[in-house]
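The values are calculated or read from the model by the stated rules, or taken from the named source; none is laboratory data. Just so we're clear, the structure is a prediction, and the values are computed from it rather than from any experiment. Using ideal geometry, Cβ is built from the backbone for each residue, glycine included, and neighbour counts are taken over all protein chains shown. Protein only, heavy atoms only, side chains kept; ligands, DNA and RNA dropped before computing areas. Shrake-Rupley method; radii C 1.70, N 1.55, O 1.52, S 1.80 Å.
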Amino acid sequence: MSRFAQVWRTSTVRLTATFIAIFVVFAILLMAFIGWQSSVTIQRQQSDDIDREIRLFQRIEATQGIRALAFALNRLSGQPGPGVYYLGDAAGQYLLGNMSDVPPDVLIDPGVYSFDYDRPDPLGEDAVGMPDRPKRSGVAVVRSIELGNGMRLVVGRDVVERRGYSAIILQSFLVGVVGIILFSVVAGGVTARRVLKRIDTIRDTSTKIMSGNLSERVPITKRNDEFDGLARNLNAMLDRIEQLLQGLKEVTDNVAHDLKTPLTRLRNQAEGALRDTASPETKEKALETVIAESDKLIQTFNALLMIARVEAGAPSGALSEIDVSSIVSDVAELYTPVAEDEGIEVTTDIAEGVTLRANRELIGQAMVNLLENAMKYAKPEDGRAGKISVSLKREGGSVVIVVADNGPGIAEADRSRVLERFVRLEKSRSEPGSGLGLALVNAVARLHGGSFSIEDNGPGVRAVLAVPGS
C-alpha cells in the first residue's frame, strides 16, 4: 500500500489520471452529442418519409381512386423494411396493411403517435389471410389521417432498428471508454514506474554521497533524456564539490604549515626576550622580529580576505571605466628600479589609450602580483641574465595583459595547479611567499568575466590575463 501511495504521489501518475479524466469526460460529451444528433437526424428523416408517403397516398386516392390506393398500400406492406401501414374503413376496422391492431385513439383523432404493436412476419406464407401470419413485436411511430371517403389511413416506421443502432453506439462507446481507461492506467503505471526507478537511482546515489562516499555519481543512460541531462548537471556539481573539498583540505594543510613557522618564531623570540639574561638590544631585536612576522601574517590574511571578497563578487569599489594603459605603465615603472637592483631587465610594450570597465584597485593588485611573481623566478642564475617583459594590447574584443619572464618555468602539469590558493612549487616552503598571488589574479580575471592562464615562454612562463572589453 505504501508503494501504491508513493506511485500515486508522483506527478506523472497524477498528470496521467488528470488527462484520462479530461479525455473520458470529453469522449462522453462527444459521443452523447453524436448519438443525440444521429437520433434527431433519423427521426427527422423518418418523419419526412412518412409525410412524403402520406402525400403520395392522398394523391393516388384523389386521382386514381381507392382501388389504386389499396393496391399501392398492399404492395408496400408486403415489402421488407421498417415501413408500417394500416388501412381501415370509416369505423376503423382493418382492411389491409402489415399492422392489424391499432390503438383506437390513433384512428379517432388523426395525428402523430408512438406505440407498441404486433407486426406480421413478412416471411410467412399466407399472403391473403395476413392476420393469421406469424407476428413479431415492434415499436411504431405513425401518423394517422382521414381520407376523403372517411377511411382511416395510418403510415409509420418501426423504430426498433433505430433503437438497436443507438444501443450499438452506446455499447461501442462504453467498450471504448473502458479500453481507453485500462490502457491509460497501464501506460501511466509503466511510465510512473520508470520515472520512480530513475528518481530512486538519484536518491540512492545522493544517500551514498551523504554517507561520505564523494566518488559516487548518478548513472547516465544512452537515452539522453531529461533525466540524463539532470544526471550530467548533478555529476558536474558533485565533481566541483569534490574539487572544492579537496582544495579546502589542501588549503587547511597549507595554512597550518605556513602559519606554524612564523608563529613558532614569534613564540621563540618572545620567550628569548623574557629571559632575565636578555640584554635591551636582544629584547629590541625580538620585538622587531615579532613585528615583521606579524606583518607577514597580516599580509597573508589580507590576501585571503581579498580573494574571498573577489570570488564573492563584492570587490571594494564599483566597476568603472578605467585607463588600463596608465595602470600597467605605472606598476611597471614602479617595479623597474627594484628589478634592476636584482639584475633583472624589464621591457614594456604597452598600447596607449586602452580603456576597460573594471575595478581599478583589483587590476592594479593583479599587475603587482604578476610582476612580483616574475621577479621572484627571473633572477640571474648560472650566467643567465634575468629578463621580464610587460605588454598590453587589444585582441578582438578583449584586453590582454602579458607578463613574461625567462626563469626556470613551470611544468605543464603544474600550470593550472599554481592558480589555486596556497599552492607553492617550492616543496620545502622555505622561500618567502604564501602561494596566494596567482590565485588572486585568477579570481580577479573571473570577476571581470575574463580568463588567466600560465603558458610556456621557452624558457620561463607567460602569465596571460585577458579581460573582455569594448
Would you point out which residue out of P432, P468 is modelled with pLDDT under 75 and open to solvent by 20 Å² or more (accessible area, probe 1.4 Å)? P432
Looking only at the stretch 394-409, count how many residues are touching a Lys or Arg at 6+ places or on another chain (Cβ under 8 Å) and outside any strand (DSSP E or B). 2
Among residues belonging to the stretch 220-244 that are touching a helix residue (DSSP H, G or I) at 6+ places or on another chain (Cβ under 8 Å) and surrounded by 12 or more Cβ atoms within 10 Å (Cβ to Cβ), point out the one that is nearest to L419 (Cα to Cα). L238
Does I298 satisfy the criteria of being open to solvent by 70 Å² or more (accessible area, probe 1.4 Å), modelled with pLDDT of 80 or more and in a helix (DSSP H, G or I)? no
Residues satisfying the stated conditions in the stretch 57-74, i.e. open to solvent by 70 Å² or more (accessible area, probe 1.4 Å) and part of a helix (DSSP H, G or I): Q58, R59, A62, T63, R67, F71, N74
Subset of the stretch 336-365 that is in a loop (DSSP other than H, G, I, E, B) and of a type outside the set (D, E, K, R) - its residue that is modelled with the lowest pLDDT: N359
Residue in the stretch 381-393 that is at pLDDT below 80 and either touching a Gly at 6+ places or on another chain (Cβ under 6 Å) or outside any loop (DSSP other than H, G, I, E, B) (or both) present: yes
Which numbered condition R59 misses (of (1) touching a Phe, Trp or Tyr at 6+ places or on another chain (Cβ under 8 Å); (2) more than 13 Å from V155 (Cβ to Cβ)): (1)
If you scan the stretch 198-210, which residues turn out to be under 28 Å from E420 (Cα atoms) and open to solvent by 60 Å² or more (accessible area, probe 1.4 Å)? M210
Looking only at the stretch 356-365, decide whether some residue is of a type in the set (A, V, I, L, M) and open to solvent by 10 Å² or more (accessible area, probe 1.4 Å). no
Residues that are over 17 Å from I145 (Cβ atoms) and either in a helix (DSSP H, G or I) or open to solvent by 60 Å² or more (accessible area, probe 1.4 Å) (or both), drawn from the stretch 78-92: Q79, P80
